[in-house]
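The values are calculated or read from the model by the stated rules, or taken from the named source; none is laboratory data. Predicted, not measured: the structure shown is a model, and the values here were computed from it. With ideal geometry, Cβ positions are generated from the backbone for all residues, glycine too; neighbour counts draw on all protein chains shown. Just so you know, the surface numbers come from the protein's heavy atoms only, side chains and all, with ligands and any DNA or RNA stripped out. Shrake-Rupley method; radii C 1.70, N 1.55, O 1.52, S 1.80 Å.
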Amino acid sequence: MSSLSRRNFLRAAALTTGAVLGSGLAANAEPLLGRQPGPEDPEVPNEEVARILRERFGDRPIRRGHVSLDMPAVAEDGRVVPVIIESDLPMAPDAYVKGVHLIVDHNPDAHLAAFHLTPAIGSVAITTRIKMKRTTWVRAIVETSRGELWADYTKVLVTLNGCG
Amino acid sequence: MAGEIGEARIRIPDQIRKGDVITVHSIVSHPMDTGFFRNRDGDPIPAYFIKDVVVTYGESDVARFEWTSGISRDPVVTFTLRADREAPLTMVWTDNKGGVYRQSVHITFATA
């Protein structure tokens, strides 16, 4: 590791630690930065992902929290990659998760799936299996009935293209 | 699962009590072709995939899934359901060529 990349690594580690320590406060605070990503959020990589975010969510802030996206760090076969999306948000008649969006930044169809839910579903705990073309960030974004947006992100290393 | 296209199964717990949030497992047999692959003769394999799934509990639509060919072959999906009444749970999968596939299970409560 060169001294430069080592410094970047240390800075990234410090940012991550700060974000984790601060997340409890940040989760309840009103967003100040709008759409701008936090230090640990992936950047919007292309016009396609920008268009999906704009068309589905307008300019509402997407905050990290209340969602967990679990996938393998390394997907040896991009044809079958397991996905688990869970949320601790309520599923009550007056406040519930109405949509769960799965976006794979570098797939041909980046907006891979949307799961539209009602309170009758009782909780957000969705699993499925997806195809991935190459190494990329994956976004799970949930939309509540009140219009709030919460997200989790994970980067998956793909060794065998599963999309053709 | 190597059944015919559209052959589907839904699995729910054996013992359900009223009010339980149960886990529902489902699988449907479908090639989920992306349209990006070619066959051995070099001809493109057209896109052929399930694009819509509707989940109905009794008379109510309780969930709807929008899918693309990015869902893996023979799609599995697991979700939950608040079992608050005895009624059928039905899933209807629709593909981009108009194929419609349906499967149901009946939610009944265990007798104490």
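Brief remarks follow.
- With contacts taken as Cα pairs under 8 Å at a separation of at least 6 residues, chain B carries a relative contact order of 31 percent.
- Checking every one of the trypsin sites (Lys or Arg not before Pro) in the stretch B:76-112 against DSSP loop status and a limit of 16 other Cβ atoms within 10 Å picks out B:R85, B:K97.
- Solvent-accessible area lost in complex, 30 Å² minimum, residues of the stretch A:124-164 relative to chain alone, 1.4 Å: A:A125, A:T127, A:T128, A:R129, A:K131, A:C163, A:G164
- Other residues lying with their Cβ under 13 Å from the Cβ of B:I16 contribute a combined charge of +1, Lys and Arg counting +1, Asp and Glu -1.
- Base-10 log of normalised Debye intensity for the stretch B:1-81 (one unit scatterer per alpha-carbon) at q = 0.12, 0.21, 0.22, 0.26 Å⁻¹: -0.45, -1.04, -1.10, -1.31
- Calculated FRET efficiency for the pair B:V21/A:T159, C-beta based, R₀ 30 Å, to 0.05: 0.25
- Count Lys and Arg as plus one, Asp and Glu as minus one, and take only other residues whose Cβ is under 12 Å from that of A:E48; the net charge is then -2.
- Only protein atoms count toward the accessible area here, which uses a 1.4 Å probe; on chain B, the carbon and sulfur part of that area reaches 46 percent.
- Note on B:R11 and A:T135: their simple-model spin labels are 3.5 nm apart, each label 7 Å out from Cα toward Cβ.
- The stretch B:1-102, dipole about Cα centre (Lys/Arg Cβ +1, Asp/Glu Cβ -1), debye to the nearest 20: 180 debye
- Chain B: most fluctuating residue of B:I45, B:I71, B:I27 per GNM, C-alpha cutoff 10 Å: B:I45
- Sites matching GluC sites (Glu not before Pro) across the stretch B:37-112 that sit in DSSP coil, with at most 12 neighbouring C-beta atoms within 10 Å: B:E59, B:E86
- Placing a pseudo-label 7 Å from each Cα along the Cα-to-Cβ vector at B:N39 and A:R60 gives an inter-label distance of 4.5 nm.
- Dimensionless Rg over Rh [the stretch A:55-164; C-alpha; Kirkwood]: 0.99
- Intensity falloff of the stretch B:58-112 expressed as log10 I(q)/I(0), Debye formula with alpha-carbon point scatterers, at q = 0.14, 0.22 Å⁻¹: -0.49, -1.02
- The slack between A:K98 and A:I84, meaning 0.36 nm per residue of separation minus the straight C-alpha distance, is 3.3 nm.
- Restricting the stretch A:62-145 to GluC sites (Glu not before Pro) that sit in a DSSP loop and have at most 16 other Cβ atoms within 10 Å of their own Cβ leaves A:E76.
- Entry note, the stretch A:75-156: relative contact order of 37 percent, from Cα contacts under 8 Å with a spacing of 6+ residues.
- Cβ-derived FRET efficiency at R0 22 Å, A:A50 paired with A:A73, nearest 0.05: 0.25
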